[in-house]
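Below you'll find the structure, written out as structure tokens, and then a few comments.
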Protein chains: 2
Amino acid sequence: MEELSVAIGVSRPTLSRFFQDPTLVKANTVERIERGLTQVEYVPNFFATRLNRKSTGMIGVIIPYLNDLFFTKLLQSVEEAAMRAGLTVITQCSHSDPAIEARAAETFMSMNVDGALVAPLGDHSDQAVQLRLKSRLPFVLMDSRPTTMPNVDFVGTNHIQSTGLMTEYLCRVGEPPAFLAMPRVNFNALEREAAYIAQMEKLGFEPEVLGTESVSDSAHFEEHGEAILDAEFAHGRLTDRSILCVNDRVAIGAIRAAARHGLTPGRGAKGGLRIAGHDDYPLCPYLNPALTTVAQNTDAIGKKAVSRLLQMIRGEVSGDTPEITLFDGELKLRESA
Amino acid sequence: MEELSVAIGVSRPTLSRFFQDPTLVKANTVERIERGLTQVEYVPNFFATRLNRKSTGMIGVIIPYLNDLFFTKLLQSVEEAAMRAGLTVITQCSHSDPAIEARAAETFMSMNVDGALVAPLGDHSDQAVQLRLKSRLPFVLMDSRPTTMPNVDFVGTNHIQSTGLMTEYLCRVGEPPAFLAMPRVNFNALEREAAYIAQMEKLGFEPEVLGTESVSDSAHFEEHGEAILDAEFAHGRLTDRSILCVNDRVAIGAIRAAARHGLTPGRGAKGGLRIAGHDDYPLCPYLNPALTTVAQNTDAIGKKAVSRLLQMIRGEVSGDTPEITLFDGELKLRESA
DNA sequence: CCACAATATTTACGCGTGTAAAAGGGAGGA
DNA sequence: TCCTCCCTTTTACACGCGTAAATATTGTGG
């Protein structure tokens, strides 16, 4: 930058100001600088520019999984909103490992990011690290909220509403549903299960939760759903029931199990097999049968999380009262229920 | 760091060395420092540490899409390999926009990353930017290789082999396949199409490519596959043929179209409908019917790309002879073909 | 106990830029 | 014409740390 400035015939600080905002420099000088820039290819050093700046213009985002289209959708929404606000997004995936998540948080702190957006590992995030992150910089939780961190800004889905909605629908058009859960609990899964139970009781039905014990090596959602229902169907159970799965990936496994037993879940006469999911995974419309589910408004969640973070960064918030934003789920009626 | 060092009673450079590698400091001193660190919470500044270092210990990765499990699988493999090598990964998604991709490349250059791993936008990457990136730092292309950039290190799949394998299989067990392509060409798609045609001719069959014209608003792979086959099936065409789809996401749409027309693709007597894909998308085993496909060895691709980049970073390569590594595809026989 | 080597620490400087304060320059009014 | 005011540019210093060279310390053998 030094050399470039002498070559152009201005002082280095003037060049510096030009790169930050050309309007800070006289039009005449701007023109000279731009002419000089066409001669040499110059890229300002990223680290040097952020070293002595009050704001780095970056936000950190942590997501728990990469191989899950729900989180990639959320991430896309976040990146778009951040880009619109002129922020650089640094994404880190914790790969379902609390240690990696913690390291990502450390990285963000050492980078002086302006704020952090975190979708935590459901059940076993290192909360000490997150609290330290929160105490140091604007911090918004997305998707899943540990019950032990009530005083944190959060953006997610209203699972009471979304699961209640689906439960009510299933009760209305068919047999009262059973709930297919996951053993590796996360807070969302627990909320959905609780919401299911509450809604069932409110409607006067007996709740029935299955899949809470781990079968075989069901590290993956789909495998788990398939394994549980395969066992049930093999004993002739649940073949004429409604089954509400804790999420779409479990439902995908459930549908697969049904197919293997010659069952075709679907909207039909009362007393038929129905399978429903939760989240509106992008591939749901292409399944056989197309999966009936509740859509999470990932787009709204991402946008809101970024805008809330921006408020905090700009100091436009009172500070002591965290904001909890829950978006409603939307019923997606397709073929499977 | 200054304050901390006086508080502990060592000079700042000693502290600096401690953070880089504690073995560079005497055991006695290490202990004193660690004792001091428990008192204060101190995180070294990310930017300052990289500003005057020869190596930043970071590599940049660009992927074209986030909402595609193929790329997230690849990214996961890359991240794992990089982590094992002690590298920090900076991921940027180009969101199928050449301008964003170009900006990501600029960011990497300004960050002085040690190297860059790029999965380009198939057909319309800004090659000038990529060439500039390549001329500035170790650079390895992944997944898709522009025909106009022959002299670049590349790691990907041998589509001649993989597509040839599947084509041969389909010819052997059923009707010679038609090829369901995509209008928004990328280089891999073109290679696969060419490989299909070559293999068909070698086996003495007439190649037949469809789906090269865009129907409706088929921005998405699945939609496209469904739309094309929906139209064909509606006219009673292709209902007893084998159909090789350019990738699994198109195949997912194809299977959906078959279901809508009451057709069940599968391995059966000669003369039945068969649908096959390419890539081994993670959800393939859970489709109805489970999708027969060719697996790309994403794990090997990611690992190899990182190790090759490391070689280049360490200067262990001759430099003038780029290495092209192609991994074979593996047939995944399931139900649909 | 001393000389010498080997290791540990410190001194001194630099990395590439941002920013506040000081200096410069040009337009408008008296 | 001169002076003031405002905008632009420059001067001077800072950001937080890495690193080579210089110095201090420790360990070893005689």
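No value in this document is a laboratory result; all are computed from the given coordinates. Everything numeric here is computed off the predicted structure, so don't read it as measured data. Cβ placement follows ideal geometry from the backbone for every residue including glycine, while neighbour counts extend to all protein chains displayed.
Side notes on the structure shown:
- log₁₀ of I(q)/I(0) at q = 0.14, 0.23, 0.27 Å⁻¹ - the stretch B:12-67, Debye sum with one point per alpha carbon: -0.53, -0.99, -1.17
- Value at 222 nm in deg cm²/dmol, rounded to 500, when DSSP H runs of n ≥ 4 in chain B each add -39,500 (n - 2.57): -14000 deg cm²/dmol
- Taking all pairs of distinct alpha-carbon atoms in the protein assembly as shown, Kirkwood radius in angstrom: 27.4 Å
- In the assembly of identical copies, A:E206 has its label point, taken 7 Å from Cα in the direction of the beta carbon, separated from the corresponding points by 6.4 nm (ascending, one decimal).
- In order through the stretch A:41-47: 3J(HN,Hα) via Karplus (6.51 cos²θ - 1.76 cosθ + 1.60), integer Hz, x for Gly, Pro: 9, 10, 10, x, 6, 4, 6
- Stokes-Einstein translational diffusion, the stretch B:159-295 - Kirkwood Rh over all Cα pairs, 1.002 mPa s, 20 °C, in µm²/s: 149 µm²/s
- Relative contact order (%) - chain B, alpha-carbon pairs under 8 angstrom, separation at least six: 17 percent
- With a Förster radius of 56 Å applied to the C-beta separation of B:H261 and B:K54, the computed FRET efficiency comes to 0.35.
- Three-way shape label, the stretch B:1-95, alpha-carbon gyration tensor, a/c 1.5: prolate
- Applied to the stretch B:304-309, the Karplus parametrisation 6.51 cos²θ - 1.76 cosθ + 1.60 on θ = phi - 60° returns per-residue 3J(HN,Hα) values of 5, 4, 5, 5, 5, 4 Hz, with x for Gly and Pro.
- Distance between the C-alpha centres of the stretch B:147-197 and the stretch B:293-337: 16 Å, rounded to the whole angstrom.
- Taking 12 Å as the cut-off, the amide N atoms of the stretch B:143-178 that come nearer than this to a point 7 Å along the Cα-to-beta-carbon line of B:L326 belong to B:145, B:155-165.
- Pairs of alpha carbons in the stretch B:2-44 whose separation is greater than 14 Å (percent): 37 percent
- Candidates per GluC sites (Glu not before Pro) in the stretch B:174-248, loop by DSSP, up to 11 other Cβ within 10 Å: B:E213
- Label geometry 7 Å along the beta-carbon vector: B:V317 inter-copy distances in nm: 4.5
- Net charge contributed by nearby residues that have their C-beta within less than 14 Å of A:A7 (K/R +1, D/E -1): -1
- For A:P44, the distances from its label point to the matching points in the remaining copies are 2.6 nm, ordered from shortest, with each point set 7 Å beyond Cα toward Cβ.
- DSSP beta bridges confined to the protein assembly as shown are antiparallel in about 10 percent of cases.
- Summing Lys and Arg as +1 and Asp and Glu as -1 over all other residues whose Cβ lies under 12 Å from the Cβ of A:D153 gives a net charge of +2.
- Beta bridges per DSSP, both residues in chain B: antiparallel share near 10 percent.
- Counting only other chain Cβ atoms within 10 Å of each residue's Cβ, the peptide B:106-113 averages 4.
- R0 of 25 Å, Cβ-Cβ distance B:E316-A:V6: FRET efficiency to nearest 0.05: 0.05
- Label positions at A:N67 and A:T14, each projected 7 Å from the Cα along the C-beta direction, are separated by 5.7 nm.
- J(HN,Hα) series, the stretch B:184-200, from Karplus relation 6.51 cos²θ - 1.76 cosθ + 1.60, nearest Hz, glycine and proline x: 6, 4, 10, 5, 4, 4, 5, 4, 5, 4, 4, 5, 4, 4, 4, 5, 4
- Averaged over the residues of peptide B:63-72, the number of Cβ atoms from other protein chains lying within 10 Å of each residue's Cβ is 4.
- Considering only A:G204, A:G271, A:A258, and ranking their Cα positions along the charge dipole of the stretch A:159-295 that arises from unit charges at the beta-carbon of Lys, Arg, Asp and Glu, the one farthest toward the positive end is A:G271.
- Potential lengthening of the chain between A:V209 and A:S110 amounts to 31.2 nm, from the contour at 0.36 nm per residue minus the alpha-carbon distance.
- Our note on the geometry: Cα centres of the stretch A:97-116 and the stretch B:54-116, 17 Å apart.
- Charge context of A:V173, other residues only, Cβ under 9 angstrom, K/R +1, D/E -1: +4
- Short to long, the 10 Å bins of the Cα pair-distance histogram for chain B hold 5, 23, 26, 18, 13, 7, 5, 2, 0 percent of all pairs.
- Average other protein chain Cβ within 10 Å of Cβ, residues B:42-55: 5
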